[in-house]
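Trainee: Below you will find the structure I want to go over with you.
The values are calculated or read from the model by the stated rules, or taken from the named source; none is laboratory data. If you're wondering where the values come from, they're calculated on a predicted model, not measured in any experiment. Every residue, glycine among them, receives a Cβ derived from its backbone with ideal geometry; neighbour counts consider all protein chains shown.
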Amino acid sequence: MKHYLNHLLSLLSQHPEMKYVISEKLWQTDFLRFYHSQTNYNISKDNTALEISLYKGKKSYSFNIDDPTAGKIDKALANALALIDMLPEDPDFVDIENDPTVVTQRRKANNIKDIPLSRKTDILTVIADSAAKFGFDIFGTFICNREEYHLINSNGLDKTWEVSPIYLEVKAVHNVSQITVLETFGGEDFSRFDLKAFTDGLLTKIRYAGNEVVDVEAGHYDVILAPRCIAEFVQYLSHGMSAHALDQHSSYFDGKIAEQVFPAQITIVDDPEDADLITSDYNHEGHAYKPLTLIDKGVFKAFTCGNYYAHKTGLPKNGNTASCLKIASGDKTLDEMLGSIEKGLYISSLHYMNFINPRETSLTGLTRDGTFLIENGKITKVVNNLRFTERIVNILKNITALENKSVTVPFSGNYEFFSIESSKAPHVLVREFNITSSTKTI
Amino acid sequence: MEHLIKSTLAKLSSPEITFADVRITKTDNEGIYFQNGNLRDYSSAMDSLAIGIRVLIKGCWGFSGSRDLDPAKIDRLIQQAIANARSGAQFIRNPIEFPALKASVAEYHHIPEINPFTMNKEEKVSFLGKLADTIKPQGKIVHSYVGGQFMRQEKYYINTEGSYSHTSYYNTLPIMGVIAADSGQIQSRTWPGHMSAGRAGFELFYKQQFEENTDRIIKEATDLLSAPVITEERADIIIGNGHLALQLHESVGHATEADRIFGMEISYAGKTFVKPPMLGDYQYGSEIVNIYSDSTDPRGLGYHPLDDEGVPGKRAEIIRNGILVDQQTSRHIAHMLDLEPSSNMKASFADDFPLVRMTNFCIAPGKGSLADLIAETDHGYLLDFTKTWSIDDNRNNFQFTTEIGYKIENGKITGIVKEPTYFGITKDFWNSCDRICGEEEWGYHSTFHCGKGEPGQVMQLSHGVAPARFKNINVSVKM
């Protein structure tokens, strides 16, 4: 254990009346951003931070220390002890996390070391050269993070875990038309990356992008949602599957436990044990992070629920955070799904979604990075980016087919703290998807 | 700190390095959050140091940053930044051209009226607690919150051209909101909207009249539960300051960040419909629309004497009498566009890479009061307080929902509507602007949460706005 943690624990042992949670995070990123098939910038960053929460009865106070030392801890703790007595109580507070479960720690590769910058640029050069033959440049990011966590609390928890996510995002943009298509890889195991398959996938989309560009009118369309899209809709929906949303009266699923809310082919699991995903042994409170079925054959089964909201709402605590969502695959091939559409749309990616009314799951957003017209079972034309305004629950209710395979879809979190998460999803066919306007641009 | 930053820069004098800069920030943050009348979170992060080192080698940027300022660590960061630039230069086709700039030296220190970090803490918590108690769940109010986030940042900047600045400031983000529920639906109201931050200390709570508006948000949230929706296809709308700031932010501010023209943000934030040939010619808005970027106004969060690559603060006209005339640029991008740099390169913390960011991005005032404007409107809606926002990859198609709409008939407000939603195309929308209120209604509305870049940064920035009217806007979204 690091010297400063021993020092902190020693200080806290002098205050038996206090409860505490100490969360240590070591975070590194190695970040290559590229545009026009060349480097934009290379960034290396790191930080070691301690977050300490103190509890005295039902009073609490938290403080964060970057680059911790014994001297910084002395100063911050003295301030905290002077402050906490004067704070009002939170009557809803009961106790801190007490899950004793210790899971076998999954050792993760250090992808910052294993995928050096030279390897990244070699890979990007191959992809850039392939795209250039079709008049496309590549834009995007190639990121490796490394995160190590150590959580100690006064209820006896002493747990460590690590995460080492990789995120490669390549957008190929045509030099003249600006038509954009997207290919991504994400996970923690770079041995699963197949450069040829990745490049072939991108080139297939580039070939679609060579077709005529058209606009479509607002209206209801049969659409194929790429795995990224349905995964993102379900991520948004998962907000309403949390005890936090239930407590705020903003959950669609309020009162719907055991109710058939979606068609029987819809199953959604929060699965931190799937090696295709970016996984974590524990949640941020130190509760063991285990698989949890949220939707089983269309039936709503459970809210994700951490320590605080378990006490507040009375729901069973599971420690899940919906960070590893999986949508079960179906029994159709993508070609079969396309073949069933006389006139419709293929949507590759979504942009700037925001809830209008979270309880109703109504939101608006746009398509991005490749929207295509489907005519007589085939992708025939490129379509300008489109705006949709829909209820997510209606999208899931209108799914009539799911692809027979799923892929890992990485997402970067860019607000407050940079993080990489992932979901797993198949293509889905959705009837009557509500397009409300065209952007008139690609 | 001055010695540390100068000694770090001294280690970057090498013929291989054509330009380098170093930044150090020291940041204090404190957040207090009451939920449903109870103190849910009180947290702080004090004395957080960060350093960032940026070097230009063979036309490629390399950057390294850390929260550890130990001398041995800084030596490693220097080597890492250089290695990153060298490696990056292996994958580059058009090396960055970076014309030299005259050195500038600046010092600026902002002092708030009520320092949120040194004021009596019991007084601070008590004030917020009383507000929280006033709006805690009762009647149809099922959820409420009150909070404040306080930030103090001291920054040192130095570059190899001899520029140096030392600045410090205080920013505060006060928030308050309620959610009402009835028969399976919810409605919300906030005060004073989502752009409530300011360059100020605790006095912002008094200036923004939090105590005076608790009853209003409770009543309006409750009344919205039974309010009708807009039924017209199109209508004239007046947009209040609590929302116009975001309309300006999304459809003009981000659209005129020139790094988007060159695809530097395609992978995350997106592109822009603006293209270089439009400069000086493109009718972005009606003739009364004048929009500028102004990092010289100390009232806004975007004020700085030097930006994060040594460009002195500047007021740059972006749209003059409706015509697009300039962009928000970095030195590199300004050179590519044959423009003067606009002083818009900013990083959230020293260990972040600087990006083209809005500073104080403003619409110039017109004439008259909001009351006059309402009185001159036969039929329409006053929309205010952002609820939902969304705009496309090219900043061309937007859709917004505000928390509340006030129906205007024959120059008078006659009722409210819930979830008023409008959408449009950027150029058409700004060309439909026929009135902007005057100086007496103009003010800064600021945010702590403008996300851009990868690794992501959230920027604190301001918008100067006055209520404005837009004619014949599409207010019908069918779901």
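Trainee: With respect to B:ASP393, determine if the residue is crowded, with 24+ Cβ neighbours inside 10 Å, within 26 Å of the chain's Cα centre (by Cα) and either of a type outside the set (Lys, Arg) or away from every other protein chain (no Cβ under 14 Å) (or both). Step through it out loud before you land on a result.
Mentor: Working: crowded, with 24+ Cβ neighbours inside 10 Å: yes; within 26 Å of the chain's Cα centre (by Cα): yes; either of a type outside the set (Lys, Arg) or away from every other protein chain (no Cβ under 14 Å) (or both): yes.
When the stated conditions are applied, B:ASP393 passes them.
Trainee: If you don't mind, another one. Out of B:TYR145, B:TYR170, B:TYR156, report the one residue that is within 27 Å of the chain's Cα centre (by Cα) and within 14 Å of another protein chain (Cβ to nearest Cβ).
Mentor: Values: B:TYR170 fails: within 14 Å of another protein chain (Cβ to nearest Cβ); B:TYR156 fails: within 14 Å of another protein chain (Cβ to nearest Cβ).
Just one listed residue meets the conditions, B:TYR145.
Trainee: Among the residues of segment A:83-110, write down those that are touching a His at 6+ places or on another chain (Cβ under 8 Å) and closer than 19 Å to A:LYS59 by Cβ.
Mentor: Here is the first cut: in segment A:83-110, the residues touching a His at 6+ places or on another chain (Cβ under 8 Å) are A:92-95, A:97, A:99, A:101.
The answer is A:ASP92, A:PHE93, A:VAL94, A:ASP95, A:GLU97.
Trainee: Oh, and also: Checking the structure you have, find out if any residue of segment A:100-107 is at the interface with chain B (Cβ under 8 Å from one of its Cβ atoms), out of contact with any helix residue (DSSP H, G or I) (no Cβ under 7 Å at 6 or more places or on another chain) and surrounded by fewer than 18 Cβ atoms within 10 Å (Cβ to Cβ). Give the derivation first.
Mentor: Step one: list which residues in segment A:100-107 are at the interface with chain B (Cβ under 8 Å from one of its Cβ atoms), which gives none.
Scanning segment A:100-107, I find no residue that is at the interface with chain B (Cβ under 8 Å from one of its Cβ atoms), out of contact with any helix residue (DSSP H, G or I) (no Cβ under 7 Å at 6 or more places or on another chain) and surrounded by fewer than 18 Cβ atoms within 10 Å (Cβ to Cβ), so the answer is no.
Trainee: Among the residues of segment B:91-105, count how many are out of contact with any helix residue (DSSP H, G or I) (no Cβ under 8 Å at 6 or more places or on another chain) and surrounded by fewer than 16 Cβ atoms within 10 Å (Cβ to Cβ). Explain how you work it out, then say what you get.
Mentor: So in segment B:91-105, the residues out of contact with any helix residue (DSSP H, G or I) (no Cβ under 8 Å at 6 or more places or on another chain) come out as B:92-94, B:100, B:102-105.
After this cut, where a residue has to be surrounded by fewer than 16 Cβ atoms within 10 Å (Cβ to Cβ) as well, the list is B:93-94, B:100, B:102-103, B:105.
Number satisfying all stated conditions: 6.
Trainee: Looking at (1) farther than 30 Å from A:TYR346 by Cα; (2) in contact with a Leu (Cβ under 8 Å, 6 or more places away or on another chain), find the lone condition where A:SER250 falls short.
Mentor: (2)
Trainee: I've got another one for you. Restricting to segment A:346-405, name every residue that is among the acidic types (Asp, Glu), in a strand (DSSP E or B), within 13 Å of chain B (Cβ to nearest Cβ) and in contact with a Lys or Arg (Cβ under 7 Å, 6 or more places away or on another chain). Reasoning before the result, please.
Mentor: First pass over segment A:346-405, keeping only residues among the acidic types (Asp, Glu): A:360, A:369, A:375, A:390, A:403.
Then drop every residue that is not in a strand (DSSP E or B), which leaves A:369, A:375, A:390, A:403.
Next, from what is left, pick out any that are within 13 Å of chain B (Cβ to nearest Cβ): A:369, A:390.
Selection gives A:ASP369 alone.
Trainee: Whether any residue in segment B:462-475 is within 14 Å of chain A (Cβ to nearest Cβ), on the phi > 0 side of the Ramachandran plot and not acidic (Asp, Glu) is what I want to check.
Mentor: Of all residues in segment B:462-475, those within 14 Å of chain A (Cβ to nearest Cβ) come to B:473-475.
Then drop every residue that is not on the phi > 0 side of the Ramachandran plot, which leaves none.
Checking segment B:462-475: not a single residue is within 14 Å of chain A (Cβ to nearest Cβ), on the phi > 0 side of the Ramachandran plot and not acidic (Asp, Glu).
Trainee: Name the pairs whose Cβ atoms lie under 8 Å apart, with the first residue in segment A:56-75 and small (Gly, Ala, Ser), the second outside any strand (DSSP E or B), and 6 or more positions between them or separate chains?
Mentor: Taking only residues 6 or more apart or on different chains, the pairs are A:GLY57/A:GLU89; A:SER60/A:ILE84; A:SER60/A:LEU87; A:SER60/A:ASP90; A:SER60/A:PHE93; A:ALA70/A:HIS3; A:ALA70/A:TYR4; A:ALA70/A:HIS7.
Trainee: Still on this model: It is to be established whether one or more residues within segment B:131-148 are out of contact with any Gly (no Cβ under 9 Å at 6 or more places or on another chain), under 29 Å from B:HIS249 (Cβ atoms) and among the β-branched types (Val, Ile, Thr).
Mentor: no
Trainee: Could we say that A:SER191 is within 29 Å of B:ILE179 (Cβ to Cβ) and of a type in the set (S, T, N, Q) here? Talk me through it step by step, then tell me what you get.
Mentor: Numbers: within 29 Å of B:ILE179 (Cβ to Cβ): no; of a type in the set (S, T, N, Q): yes.
In short, no.
Trainee: Still on this model: Could you list all residues from segment B:44-60 that are surrounded by fewer than 19 Cβ atoms within 10 Å (Cβ to Cβ) and either among the aliphatic types (A, V, I, L, M) or under 26 Å from the mean Cα position of the chain (by Cα) (or both)? Working first, answer last.
Mentor: Step one: list which residues in segment B:44-60 are surrounded by fewer than 19 Cβ atoms within 10 Å (Cβ to Cβ), which gives B:47, B:58.
Matches in segment B:44-60: B:ASP47 only.
Trainee: I'd like the full set of residues that are more than 26 Å from B:PHE349 (Cβ to Cβ), more than 12 Å from chain B (Cβ to nearest Cβ) and not hydrophobic (A, V, I, L, M, F, W, C), limited to segment A:1-46.
Mentor: The initial filter retains those residues of segment A:1-46 that are more than 26 Å from B:PHE349 (Cβ to Cβ), namely A:1, A:3, A:6-7, A:9-20, A:36-38.
Narrowing further to those that are more than 12 Å from chain B (Cβ to nearest Cβ): A:1, A:3, A:6-7, A:9-20.
Once the filter is applied, which keeps residues that are more than 26 Å from B:PHE349 (Cβ to Cβ), more than 12 Å from chain B (Cβ to nearest Cβ) and not hydrophobic (A, V, I, L, M, F, W, C), segment A:1-46 yields A:HIS3, A:ASN6, A:HIS7, A:SER10, A:SER13, A:GLN14, A:HIS15, A:PRO16, A:GLU17, A:LYS19, A:TYR20.
Quick grid of which residues meet (1) closer than 26 Å to A:LEU8 by Cβ; (2) in contact with a Gly (Cβ under 6 Å, 6 or more places away or on another chain):
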position: A:SER130; (1), (2): no, no
position: A:PHE139; (1), (2): no, yes
position: A:ARG146; (1), (2): yes, no
position: A:GLN178; (1), (2): no, no
position: A:VAL181; (1), (2): no, yes
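Trainee: Determine the pairs where a residue that is closer than 16 Å to B:ASN394 by Cα, located within segment A:164-178, has a partner that is polar (S, T, N, Q) and modelled with pLDDT under 95 with Cβ atoms under 7 Å apart, the partner being 6 or more residues away or on another chain.
Mentor: Every condition considered, the pairs that remain are A:LYS171/B:SER267.
Trainee: Next question. Do we have A:ASN318 as in contact with a Leu (Cβ under 6 Å, 6 or more places away or on another chain) and surrounded by 18 or more Cβ atoms within 10 Å (Cβ to Cβ) here? It would help to see each step written out before you state the result.
Mentor: Details: in contact with a Leu (Cβ under 6 Å, 6 or more places away or on another chain): yes; surrounded by 18 or more Cβ atoms within 10 Å (Cβ to Cβ): yes.
For A:ASN318, the condition - in contact with a Leu (Cβ under 6 Å, 6 or more places away or on another chain) and surrounded by 18 or more Cβ atoms within 10 Å (Cβ to Cβ) - is met.
Trainee: Exactly one of (1) in contact (Cβ under 8 Å) with a residue 40 or more places away in the chain; (2) on the phi > 0 side of the Ramachandran plot is unmet by B:ASP338. Its number?
Mentor: Going through the list (1) in contact (Cβ under 8 Å) with a residue 40 or more places away in the chain; (2) on the phi > 0 side of the Ramachandran plot, B:ASP338 breaks only (1).
Trainee: Determine whether A:TYR309 is hydroxyl-bearing (Ser, Thr, Tyr), within 23 Å of the chain's Cα centre (by Cα) and either not assigned by TED's automatic domain parsing to the domain that holds A:ALA258 or not in a helix (DSSP H, G or I) (or both).
Mentor: Details: hydroxyl-bearing (Ser, Thr, Tyr): yes; within 23 Å of the chain's Cα centre (by Cα): yes; either not assigned by TED's automatic domain parsing to the domain that holds A:ALA258 or not in a helix (DSSP H, G or I) (or both): no.
No.
Trainee: Is it true that B:ALA100 is at the interface with chain A (Cβ under 10 Å from one of its Cβ atoms), among the small types (Gly, Ala, Ser), over 26 Å from the mean Cα position of the chain (by Cα) and more than 30 Å from A:ILE84 (Cα to Cα)?
Mentor: Numbers: at the interface with chain A (Cβ under 10 Å from one of its Cβ atoms): no; among the small types (Gly, Ala, Ser): yes; over 26 Å from the mean Cα position of the chain (by Cα): yes; more than 30 Å from A:ILE84 (Cα to Cα): yes.
The answer is no for B:ALA100.
Trainee: If you take the residues of segment A:248-261 that are buried (at least 20 other Cβ atoms within 10 Å of the Cβ) and of a type outside the set (S, T, N, Q), which of them is farthest from the other protein chains (Cβ to nearest Cβ)?
Mentor: In this case the residue turns out to be A:PHE253.
Trainee: Pairs under 6 Å by beta carbon, first residue away from chain A (no Cβ under 13 Å) and surrounded by 16 or more Cβ atoms within 10 Å (Cβ to Cβ) in segment B:113-142, partner of a type in the set (Ser, Thr, Tyr) and not in a helix (DSSP H, G or I), six or more apart or different chains?
Mentor: Hits for this filter: B:ILE135/B:SER144.
Trainee: Same structure again: Provide a single number: the residues in segment B:226-257 that are outside any helix (DSSP H, G or I) and among the aliphatic types (A, V, I, L, M). Explain how you work it out, then say what you get.
Mentor: Going through segment B:226-257, the residues outside any helix (DSSP H, G or I) turn out to be B:226-240, B:257.
Within this subset, residues satisfying the condition of being among the aliphatic types (A, V, I, L, M) are B:227, B:229-230, B:235, B:237-239.
Summing the residues that are outside any helix (DSSP H, G or I) and among the aliphatic types (A, V, I, L, M) in segment B:226-257 gives 7.
Trainee: If we scan segment B:291-302, do we find a residue that is modelled with pLDDT under 95, outside the structural domain of B:PRO192 (by TED's automatic domain parsing) and of a type in the set (Asp, Glu)? I'd like the intermediate steps shown before the answer.
Mentor: Taking segment B:291-302 as the starting set, the residues that turn out to be modelled with pLDDT under 95 are none.
Among the residues of segment B:291-302, not one is modelled with pLDDT under 95, outside the structural domain of B:PRO192 (by TED's automatic domain parsing) and of a type in the set (Asp, Glu), which makes the answer no.
Trainee: Picking from B:ILE24, B:ILE17, which residue would you name as being away from chain A (no Cβ under 11 Å), crowded, with 20+ Cβ neighbours inside 10 Å and either among the acidic types (Asp, Glu) or touching a helix residue (DSSP H, G or I) at 6+ places or on another chain (Cβ under 9 Å) (or both)? Steps first, please.
Mentor: On the way: B:ILE17 fails: crowded, with 20+ Cβ neighbours inside 10 Å.
The unique qualifying residue is B:ILE24.
Trainee: I would also like to ask the following. I'm checking my understanding of the structure. Among residues of segment B:332-350 that are more than 14 Å from chain A (Cβ to nearest Cβ) and not in a loop (DSSP other than H, G, I, E, B), which one is nearest to B:TYR157 (Cα to Cα)? Full working, then the answer.
Mentor: Here is the first cut: in segment B:332-350, the residues more than 14 Å from chain A (Cβ to nearest Cβ) are B:334-335, B:337-344, B:346.
Now drop any that are not not in a loop (DSSP other than H, G, I, E, B), which leaves B:334-335, B:337, B:346.
On the way: B:ALA334: 21, B:HIS335: 22, B:LEU337: 26, B:LYS346: 11 Å.
Here the answer is B:LYS346.
Trainee: For segment A:47-71, enumerate the residues that are more than 24 Å from A:GLU17 (Cα to Cα), at the interface with another protein chain (Cβ under 8 Å from one of its Cβ atoms) and hydroxyl-bearing (Ser, Thr, Tyr). Before you say what the answer is, go through the steps one by one.
Mentor: If we filter segment A:47-71 for residues that are more than 24 Å from A:GLU17 (Cα to Cα), which is where we start, we get A:47-49, A:66-69.
Now restrict to residues that are at the interface with another protein chain (Cβ under 8 Å from one of its Cβ atoms): A:47-49, A:66-67.
Selection gives A:THR48 alone.
Trainee: Just checking, which of B:PHE398, B:PHE353 is assigned to a loop (DSSP other than H, G, I, E, B) and in contact with a strand residue (DSSP E or B) (Cβ under 6 Å, 6 or more places away or on another chain)? Break it down into steps so the answer makes sense when it comes.
Mentor: Numbers: B:PHE398 fails: assigned to a loop (DSSP other than H, G, I, E, B).
Exactly one of B:PHE398, B:PHE353 is assigned to a loop (DSSP other than H, G, I, E, B) and in contact with a strand residue (DSSP E or B) (Cβ under 6 Å, 6 or more places away or on another chain), namely B:PHE353.
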